[in-house]
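What follows is a short report on a single structure.
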Amino acid sequence: MDTTVVLVWIYVVVTILSTLHADRNVYPSAGVLFVHVLEREHFKGEFPPYPKPGDSSNDPITFNTNLMGYPDRPGWLRYIQRTSHSDGVLYGSPTAEHVGKATIIEIIAYNRRTFETARHNLVINVMSTEEYPLPYQAEFYIKNMNVEEMLASEVLGDFLGAVKNVWQPERLNAVNITSALDRGGRVPLPINNLKEGVYVMVGADVQFSSCLREVENPHNQLRCSQEMEPVISCDKKFRAQFDIDWCKINLVDITKRIMVHSNRPDPGTGVLPDIGGYNPPPESLKSRDFFADFLITLAVPSAVAMVLFSVLGYSMCCRREGVIQLVHHNSIQKSTKELRSMSKNREISWPLSTLPVFSQSGEVVPPIHPDNYETTSMPLMQTQTNLQNQIQIPQQQPSGKWYS
């Protein structure tokens, strides 16, 4: 296993940033994963010592990386640092287009305790390789790993060793590593030690093994469509350390790619042809007659409204049916007013309970409702507030005397 890891990591470049201020030169290969670790320990000597001896490792340090003269890094180069107390990592896969071009990356370290900075330059010289690109490439999706964990030399070496045991190629290297978040994945919930997931592209020089092609059979394709795990015979060689989603494996045979050439028009030089100078409109503009617009906007709707008003007035005032309706409406209004006036002046007979009461002495007690009480406003149910004008009826006392 140690020999396999050593052979695999011939194609993976891992460099450690020097503490010197001179430029650091690295020589990655095109089509091979490039990894550069920014270790915090190598920058701490450039910052003032921590007040307490032995606690210098607690300084929070972050890094900012960009292409010299530009605000960001090249498109093929990524950077990740999970926290200010962890190392930063530059990683990516250069292509043949970057061969022979020196890429200078500015690295600025920030000490979050003292707010001081240290600056270094990293010169990336991409080299060409004879086997670039490897004809057979397989992309694995590992669910139980984050990208910074997968970039560690020991973890990536173990994974490539397991792939080599399954694939049995002569040449094998890591082509690229991509976080699942860069592919549109969701940030996992901070429970049960969930990971973001990572895509690892591996290239080899021989055909895919039968184990890798097992996911293409109809039975496994059906299980994947039903969101079930496929049955892969070589999964046990990865399961101990890597949880692979076999439904997302992608096998690419570069030798069978069909080159599509689209007939695009000649873009030209980008200079517009000379069609003469700009000819502005004359200063003296012709007057416009708005009379026709006035007739259409105001006169026509007004004429239609007058015609409709005339028809309605004729039908209501000049025809017999209209006159009858007007007379009938007027009679209804008069009857309603007359009934309302009669209801105000009406007199109703009082119930027997309100008639005068005669006592044993012959004294007449006034009725409950006086003459000036408005009967039209009498409620059906009387309450204490409605009996303000009532006169209290005498009650008999135990002594036999009456009190008013």
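The values are calculated or read from the model by the stated rules, or taken from the named source; none is laboratory data. A quick note: this is a predicted structure, and the numbers were derived from the prediction, not measured. Neighbour counts run over all protein chains shown; Cβ positions are idealised from the backbone, glycine included. With ligands, DNA and RNA removed, areas are computed over all heavy atoms of the protein, side chains included. Shrake-Rupley method; radii C 1.70, N 1.55, O 1.52, S 1.80 Å.
Of note:
- Tally of residues being in contact (Cβ under 8 Å) with a residue 40 or more places away in the chain and either out of contact with any Phe, Trp or Tyr (no Cβ under 7 Å at 6 or more places or on another chain) or on the phi < 0 side of the Ramachandran plot (or both) across the range 184-222: 16
- Test result for residue 63, modelled with pLDDT of 90 or more, surrounded by 15 or more Cβ atoms within 10 Å (Cβ to Cβ) and not assigned by the TED database to the domain that holds residue 29: no
- Yes/no for residue 235 being open to solvent by less than 40 Å² (accessible area, probe 1.4 Å), acidic (Asp, Glu) and free of Cβ contacts under 8 Å to residues at least 60 places away in the same chain: yes
- Within the range 143-178, tally of residues that are under 22 Å from residue 30 (Cβ atoms), part of a loop (DSSP other than H, G, I, E, B) and either open to solvent by 60 Å² or more (accessible area, probe 1.4 Å) or touching a Gly at 6+ places or on another chain (Cβ under 6 Å) (or both): 2
- Inside the range 109-154, residues that are of a type in the set (Gly, Ala, Ser) and within 22 Å of residue 63 (Cβ to Cβ) make up a count of 4.
- Positions within the range 96-112 being part of a loop (DSSP other than H, G, I, E, B) and surrounded by 14 or more Cβ atoms within 10 Å (Cβ to Cβ), in sequence order: 99
- Within the range 287-322, the residues that satisfy the criterion of being of a type in the set (S, T, N, Q) and at pLDDT 85 or above are 297, 302, 310.
- None of 284, 210, 233 is hydroxyl-bearing (Ser, Thr, Tyr), modelled with pLDDT under 85 and assigned to a loop (DSSP other than H, G, I, E, B) except 284.
- Residue match in the range 80-94 (condition: more than 18 Å from residue 39 (Cβ to Cβ), open to solvent by 30 Å² or more (accessible area, probe 1.4 Å) and in contact (Cβ under 8 Å) with a residue 24 or more places away in the chain): no
- Counting the residues of the range 112-138 that are without any contact (Cβ under 8 Å) to a residue 40 or more places away in the chain and among the hydrophobic types (A, V, I, L, M, F, W, C) gives 1.
- Odd one out for residue 126, checked against (1) open to solvent by 20 Å² or more (accessible area, probe 1.4 Å); (2) at pLDDT 90 or above: (1)
- Flag if residue 181 is open to solvent by less than 70 Å² (accessible area, probe 1.4 Å), free of Cβ contacts under 8 Å to residues at least 60 places away in the same chain and within 21 Å of residue 155 (Cα to Cα): yes
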